[in-house]
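Here's the structure, in structure tokens; my notes come after.
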Amino acid sequence: MKRMKCNLSQRFEVVLDSDLIDRVGEELSGIVKPGKVMIVADEAVAGLFGGRVKTSLEAAGFEASVFPFAQGENSKTLKTVEQLAAALSDGLFSKSDLIVGLGGGVAMDLAAMTAMLYYRGTRHAFIPTTLTAAIAAAIGGKIGIDGNGVKNLLGGFRQPVGVYVDTKILSELKRSVFMQGMAEAVKYAFVGDKKLFARLVEGQFDLEDMVARCIRLKYEFVKGDEDETGKSLLLGFGNTFGNAVERLSDFTLSHGECVGIGMVISAKISLNLFLQEGMAAALEQALTQYGLPVKCDYSAEEIYEAVLADKKRAGDYIGLVLADRIGRAKRMRVETEKFRELIKLGIS
């Protein structure tokens, strides 16, 4: 078992252990007075794990309910948030009760967004069941809800009371789902931990240690910058292009696949600007090892037009994260016309 203290705008603990999902009630009862709990999970995850979480919570004295929603990104909307809030209201949930996001990033966002809005703020916790959620969505307090065809158009920042990662569930993930999470792990290592990146390239790592290190990296980047105005923005390496690819594919590609493609584009631009030989090739090698795509099927102009709608654009400038070496990233503000030319360097 690993326990990691996070001291952000709210202090909370991240716990990692095998079969933790069956002890989550015991963990939560140590920090929250038992009351009502709403478990938020998509229909598939609710069927797989909702009963186990509910049983654990009830054994610890909580009154637990499950709010299932339709699986997929299309549920990450204010409509679903409103439906969840209505279920809480009908169930007479108060500000002192708890919302638990169980599953992947969509469940994390819906639980946190509703917790931020319900009676102007109630508490929430996370039980991530995917690698992406465990090392990315559940850590940092960032919330995003889609709207008007734009990913994460609405959102905010709010910390959970606890994050509980069952490493056995992660070890048993379907390969395609696990590999999507490896895109985030590779990204964290590429911008912040050269030694971890080398282990990921070699494919030699202990799952619990790797997850714990990625969570620690995320925490180190976010600490002191929870509202994404400084260092934490470096974790957006590849996201500007990845979000564009995701939008152009009409979300037929997974977020992890798109982040991988976006990272390669960013690395190739970095190679051209900072002349770090082998950097882009090493990234491609790591991503390919985990079954992630590295080739962009869209033109530079298509990417450029898609990026213009990205939230990272501010007037005539676009924020872009590049790496001047493995393990170190930097953020640049680029004029939109210059940005159009830089994209051509990254797509080859």
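The values are calculated or read from the model by the stated rules, or taken from the named source; none is laboratory data. Keep in mind that what you see is a predicted model, and the values were worked out from it rather than measured. Every residue, glycine among them, receives a Cβ derived from its backbone with ideal geometry; neighbour counts consider all protein chains shown. Heavy atoms of the whole protein, side chains included, go into the accessibility calculation; ligands, DNA and RNA do not. Shrake-Rupley method; radii C 1.70, N 1.55, O 1.52, S 1.80 Å.
Label segment 282-346 by shape, choosing from rounded, prolate and oblate, from the square roots a ≥ b ≥ c of the eigenvalues of the Cα gyration tensor; if a/c is under 1.5 it is rounded, and otherwise prolate applies when a/b is larger than b/c, oblate when it is not.
It comes out oblate by the Cα gyration axes.
Between segment 137-173 and segment 197-266, what's the alpha-carbon centroid distance in Å?
Cα centroid of segment 137-173 versus Cα centroid of segment 197-266: 13 Å apart.
For segment 103-120, take each phi angle, set θ = phi - 60°, evaluate the Karplus expression 6.51 cos²θ - 1.76 cosθ + 1.60, and give the result in whole Hz per residue in order, putting x for glycine and proline.
Using θ = phi - 60°, the values come out as x, x, x, 5, 5, 4, 5, 5, 5, 5, 5, 5, 4, 5, 9, 5, 6, 6 Hz.
When the dipole is taken about the Cα centre of segment 134-202, and only Lys, Arg (+1) and Asp, Glu (-1) are charged at their Cβ, what size is it in debye, to the nearest 20?
Here the size comes out at about 100 debye.
May I ask you to derive the relative contact order of segment 209-348, considering only C-alpha pairs under 8 Å and at least 6 residues apart, and to give it as an integer percent?
Working: 187 pairs, mean separation 35.5, N = 140.
Result for segment 209-348 is 25 percent.
Between rounded, prolate and oblate, where does segment 64-109 land on the alpha carbon gyration tensor, with a ≥ b ≥ c its root eigenvalues, rounded for a/c under 1.5, else prolate if a/b exceeds b/c?
Note, shape of segment 64-109 comes out prolate.
If I stretch the segment between Gln204 and Asn152 completely, what's the gain in nm (0.36 nm per residue apart, minus their alpha carbon distance), one decimal?
Net length gain for the segment: 15.3 nm.
Give the relative contact order (percent, whole number) for segment 159-248; include only Cα pairs under 8 Å separated by 6+ residues.
Numbers: 35 pairs, mean separation 21.4, N = 90.
Reported as a whole number, the value is 24 percent.
Using only Cα atoms, locate the centre of segment 87-117 and the centre of segment 1-70, then give the distance between them in Å, rounded to an integer.
About 12 Å separates the Cα centre of segment 87-117 from the one of segment 1-70.
Rounded, prolate or oblate: which fits segment 102-166 when a ≥ b ≥ c are the square roots of the eigenvalues of the alpha-carbon gyration tensor, with rounded for a/c under 1.5 and prolate only if a/b beats b/c? Can you show the working numbers first?
Values: a/c = 2.13, a/b = 1.19, b/c = 1.79.
Cα axes put segment 102-166 in the oblate bin.
Each residue of segment 63-69 in order: what ³J(HN,Hα) in whole Hz does its phi give by Karplus 6.51 cos²θ - 1.76 cosθ + 1.60, θ = phi - 60°, with x for Gly and Pro?
Each residue's phi maps through the Karplus curve to give 9, 9, 10, 10, 10, x, 10 Hz.
Using a Gaussian network for the chain with springs between C-alpha atoms less than 10 Å apart, which of these wobbles most: Leu207, Leu292, Leu320?
In the Gaussian network model the winner is Leu207.
Sequence gap at least 6, Cα distance under 8 Å: using those rules, report the relative contact order of segment 113-161 to the nearest whole percent.
This gives 35 percent for segment 113-161.
Using Stokes-Einstein with the Kirkwood hydrodynamic radius over Cα pairs, what translational diffusion coefficient do you get for segment 65-190 at 4 °C and a viscosity of 1.567 mPa s, in µm²/s rounded to a whole number?
87
Among Cys296, Cys214, Cys258, determine the one that fluctuates most according to a GNM of the chain built with springs between C-alpha atoms less than 10 Å apart.
Cys296
Longer than 25 Å from Cα to Cα, which of Lys33/Lys174; Lys2/Lys76; Lys195/Lys231; Lys76/Lys168; Lys194/Lys344 are they? Say none if no pair is. Can you show the working numbers first?
Details: Lys33/Lys174 36 Å; Lys2/Lys76 31 Å; Lys195/Lys231 20 Å; Lys76/Lys168 27 Å; Lys194/Lys344 27 Å.
Over 25 Å Cα-Cα: Lys33/Lys174; Lys2/Lys76; Lys76/Lys168; Lys194/Lys344.
Can you run phi through the Karplus equation (6.51, -1.76, 1.60; θ = phi - 60°) for segment 26-39 and list ³J(HN,Hα) in whole Hz, with x for Gly and Pro?
So the Karplus estimates, Gly and Pro as x, are 4, 5, 5, 5, x, 10, 10, 5, x, x, 7, 9, 9, 8 Hz.
Tell me the per residue accessible area of the chain using a 1.4 Å probe; a whole number in Å² is fine. Before the final figure, lay out the partial values.
Numbers: 14680 Å² over 348 residues.
Solvent-accessible surface per residue comes out at 42 Å².
When the accessible area of the chain is split by element with a 1.4 Å probe, what percent falls to carbon and sulfur?
49
Amide H of Phe69: which non-local residues (sequence gap of 5 or more, or other chain) have their own amide H closer than 5 Å, using H built in the peptide plane?
HN-HN under 5 Å from Phe69: Ala41, Asp42, Glu43.
What spacing in nm lies between the two simple spin-label points modelled at Arg3 and Ser348, each 7 Å away from Cα in the Cβ direction?
Going by the 7 Å Cα→Cβ label model, 5.2 nm.
Which one of Ala183, Ala280, Ala86 has the biggest mean-square fluctuation once the chain is modelled by GNM with Cα springs under 10 Å?
Ala86
Which residues' amide hydrogens lie under 5 Å from the amide hydrogen of Ile145, considering only partners 5 or more residues apart or on another chain, with H built in the peptide plane?
Asn152, Leu153, Leu154, Gly155
Taking 7 Å along the Cα-to-C-beta vector as the label spot, tell me the Glu73-Asn272 distance in nanometres, rounded to one decimal.
Inter-label distance under the simple model: 2.6 nm.
Please identify every one of the chymotrypsin sites (Phe, Trp or Tyr not before Pro) in segment 1-71 that sits in a loop by DSSP and has no more than 15 other beta carbons within 10 Å of its own beta carbon.
none
What distance in nm lies between label points placed 7 Å from Cα along the C-beta direction at Arg11 and Ser94?
2.5
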